[in-house]
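Below you'll find the structure, written out as structure tokens, and then a few comments.
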Amino acid sequence: MVEITEVRVSLRHDDKLKAFVSITLNDSFVIRGLKIIRGNSGLFVAMPSRKRPDGQHQDLAHPINDVTRKYLTEKVMAEYERELANPSGHPGTSEEQHAY
């Protein structure tokens, strides 16, 4: 399985968009453009997407099974919660925080 070795969260002060997220896989591949969104059922992780000419959004990258989706969601939401709890508003000092 691919390992998420870094999660970077950029908080937003918006009713719906709560954060932008970048993840690093195996210390060698970065995926930017994930979002934490407040939906009707609570917070969820939205994958990077583009808007098609018909107005629909199409994911550019996404997990292809439930195990990977759950793993990604847990890692991203844990880092989001850490950022919310950080009173300074600066990136946390967890082992997952590294400079690009």
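What follows draws every value from the coordinates through simple rules; no lab data is involved. Predicted model only: the values in this text are computed from it and were never measured. Every residue, glycine among them, receives a Cβ derived from its backbone with ideal geometry; neighbour counts consider all protein chains shown.
Taking the Cα centre of segment 30-88 as reference, the dipole from Cβ charges on Lys and Arg (+1) and Asp and Glu (-1) amounts to some 200 debye.
Here the extension length gained between residue 2 and residue 50 equals 14.9 nm, from 0.36 nm per residue of separation less the Cα-Cα distance.
Computed about its Cα centre, the charge dipole of the chain is approximately 480 debye, with only Lys, Arg, Asp and Glu carrying charge at their Cβ.
Only one of the listed values, [x] 12.3, 36; [y] 13.7, 43; [z] 14.6, 50, was derived from the coordinates as Rg and Dmax of the Cα atoms in Å; which label is it? Answer label, from the structure shown: [y].
Of the chymotrypsin sites (Phe, Trp or Tyr not before Pro) found in segment 1-92, no site is in coil according to DSSP while having at most 16 other Cβ atoms within 10 Å of its Cβ. Do any trypsin sites (Lys or Arg not before Pro) in segment 8-70 lie in a DSSP loop with no more than 16 other beta carbon atoms within 10 Å, and if so, which? Filter output for segment 8-70: 12, 16.
Helical runs assigned H by DSSP (4 residues or longer) give the chain a calculated mean residue ellipticity at 222 nm of -7000 deg cm²/dmol, each run adding -39500 (n - 2.57) before division by the residue total. Considering only 47, 5, 25, the residue lying farthest towards the positive end of the dipole of the chain is 47, judged by Cα position with unit charges set on Cβ.
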